[in-house]
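**Student:** What follows is a structure written as C-alpha cells; I'll ask about it next.
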Amino acid sequence: LPEALTLRNQMLQQFEIAAKDPSAIDRGAITFTIAGAGPTGVEMAGAIVELLEALRGDFPHLPLDRARVIVVEMVDAVLPPYSQRMQRYSRESLEERGIEVCLGTAIERVEADRVVLADGSDIPSHTLIWTAGVRANPLADLLGADQTKGGQVVVDDDLRLPGASNVFIIGDMAGVTDESGDPLPQLAPVAIQQGKHVAAQVTR
C-alpha cells in the first residue's frame with residue numbers, strides 16, 4: 001500500500017508539472033513506462049488509461065491526449081504465460097486503447113528523466129513502473145534446493161520440497177509449471193489454489 005500511494009503521488013505530481021509547464025510533456029513528464037507485459041503490467045497499463053480519463057475534469061487545459069503509456073517487454077509477447085490467442089487479443093486490446101507496446105526489448109538502465117533500452121533507443125519518461133517479475137523471498141536461498149532464475153524453489157507435483165515429506169512451498173516461492181512446462185504466474189489466484197491444496201494435505 002505505501003508503494004501504491006507513492007506511485008499515485010508521483011503520477012499526480014507529473015500531471016501538475018505538465019499543467020504548469022506544457023513543454024514538460026515533450027520531456028516525458030506524462031509518459032508512463034511499464035516494465036513487463038505480464039498480468040500485472042497489462043492491468044497497470046489499463047488502469048493508467050482509465051486514470052487519464054478520470055483526470056480530464058481536474059486538468060481541463062492539459063492536453064491529456066499527449067500522455068503516453070508504454071509497455072516494454074523483453075520477450076516477443078504480451079502475457080507470456082498464456083495462450084497465443086490470449087496474447088494476440090491482449091496486445092490488440094492494449095493498442096486499441098492507445099497503449100504503446102514495445103516487445104523484444106530489454107531495459108538497459110533507468111535515469112531520472114528517461115528509460116534507456118538495450119537497442120540504444122530511449123524513452124523520455126519521468127515515471128517507470130516495474131512489473132517485470134517478482135523474486136522469491138530470500139528464505140528460498142537458504143534451503144539448498146534447486147531454484148528457478150527468479151529464485152523460486154523447484155517443488156514436486158504435490159508442492160512438497162523434494163526429499164522432504166512434511167515441507168510444502170506455495171505462492172511466489174514455489175517454482176510450479178503447468179502441463180506444458182510453462183511457469184504458473186505469480187498471482188493471488190494461483191497461491192490461493194495452492195494454499196487450499198496444501199491445507200488439505202496437512203489435514204490428512
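The values are calculated or read from the model by the stated rules, or taken from the named source; none is laboratory data. Worth saying up front: this structure is predicted, and the values here are computed from it rather than measured. No Cβ is skipped: glycine too gets one built from the backbone with ideal geometry, and neighbour counts run over all protein chains shown. Heads up: the accessible areas ignore ligands, DNA and RNA and are worked out on the full protein's heavy atoms, side chains in. Shrake-Rupley method; radii C 1.70, N 1.55, O 1.52, S 1.80 Å.
**Student:** Identify all residues within region 159-176 that are assigned to a loop (DSSP other than H, G, I, E, B), open to solvent by 50 Å² or more (accessible area, probe 1.4 Å), at pLDDT 90 or above and at negative phi; write none if there are none.
**Tutor:** Those that are assigned to a loop (DSSP other than H, G, I, E, B), open to solvent by 50 Å² or more (accessible area, probe 1.4 Å), at pLDDT 90 or above and at negative phi: Pro162, Asn166, Val167, Ile170.
**Student:** Looking at region 177-200, which of its residues are assigned to a helix (DSSP H, G or I) and free of Cβ contacts under 8 Å to residues at least 12 places away in the same chain?
**Tutor:** Ala188, Pro189, Ile192, Gln193, Lys196, Ala199, Ala200
**Student:** Answer with yes or no whether Leu79 is surrounded by 17 or more Cβ atoms within 10 Å (Cβ to Cβ) and part of a helix (DSSP H, G or I).
**Tutor:** No: the conditions fail for Leu79.
**Student:** Considering (1) in a loop (DSSP other than H, G, I, E, B); (2) under 20 Å from Arg27 (Cα atoms), say which one Ile129 fails and leave the rest.
**Tutor:** Status for Ile129: all satisfied but (1).
**Student:** Looking at the structure I just gave you, is Ala18 crowded, with 17+ Cβ neighbours inside 10 Å and either in a loop (DSSP other than H, G, I, E, B) or in contact with a Gly (Cβ under 8 Å, 6 or more places away or on another chain) (or both)?
**Tutor:** For Ala18, the condition - crowded, with 17+ Cβ neighbours inside 10 Å and either in a loop (DSSP other than H, G, I, E, B) or in contact with a Gly (Cβ under 8 Å, 6 or more places away or on another chain) (or both) - is not met.
**Student:** Do you know which of the residues in region 137-156 that are under 18 Å from the mean Cα position of the chain (by Cα) and open to solvent by 80 Å² or more (accessible area, probe 1.4 Å) is farthest from Leu184 (Cα to Cα)?
**Tutor:** By that ranking, first place goes to Asn137.
**Student:** Right, here's the next one. Look through region 86-107, keep the residues that are charged (D, E, K, R) and under 18 Å from Arg68 (Cα atoms), and return whichever of them is surrounded by the fewest Cβ atoms within 10 Å (Cβ to Cβ).
**Tutor:** Result: Glu96.
**Student:** Can you go through Phe15, Phe59 and tell me which one is closer than 28 Å to Glu108 by Cβ and of a type in the set (Phe, Trp, Tyr)?
**Tutor:** It is Phe15.
**Student:** Would you please name the residue that is farthest from the chain's Cα centre (by Cα), looking only at residues in region 21-58 that are under 22 Å from Gly133 (Cα atoms), surrounded by 19 or more Cβ atoms within 10 Å (Cβ to Cβ) and of a type in the set (Gly, Ala, Ser)?
**Tutor:** It comes out as Ala45.
**Student:** Next question. Being in contact with a Leu (Cβ under 7 Å, 6 or more places away or on another chain) and in contact (Cβ under 8 Å) with a residue 12 or more places away in the chain narrows it down to one of Val167, Val153, so name that one.
**Tutor:** Val153 is the lone residue from the list that is in contact with a Leu (Cβ under 7 Å, 6 or more places away or on another chain) and in contact (Cβ under 8 Å) with a residue 12 or more places away in the chain.
**Student:** Within region 74-108, track down each residue that is acidic (Asp, Glu) and farther than 20 Å from Asp122 by Cβ.
**Tutor:** Asp76, Glu92, Glu95, Glu96
**Student:** Just to check your reading of the model, which residue among Arg66, Arg85 is out of contact with any Phe, Trp or Tyr (no Cβ under 9 Å at 6 or more places or on another chain) and either of a type in the set (S, T, N, Q) or more than 30 Å from Ser180 (Cβ to Cβ) (or both)?
**Tutor:** None of the others qualify; the one that does is Arg66.
**Student:** Among the residues in region 110-126, are any closer than 30 Å to Met11 by Cβ, in contact with a helix residue (DSSP H, G or I) (Cβ under 8 Å, 6 or more places away or on another chain), without any contact (Cβ under 8 Å) to a residue 40 or more places away in the chain and not in a loop (DSSP other than H, G, I, E, B)?
**Tutor:** Taking every residue of region 110-126 in turn, none turns out to be closer than 30 Å to Met11 by Cβ, in contact with a helix residue (DSSP H, G or I) (Cβ under 8 Å, 6 or more places away or on another chain), without any contact (Cβ under 8 Å) to a residue 40 or more places away in the chain and not in a loop (DSSP other than H, G, I, E, B).
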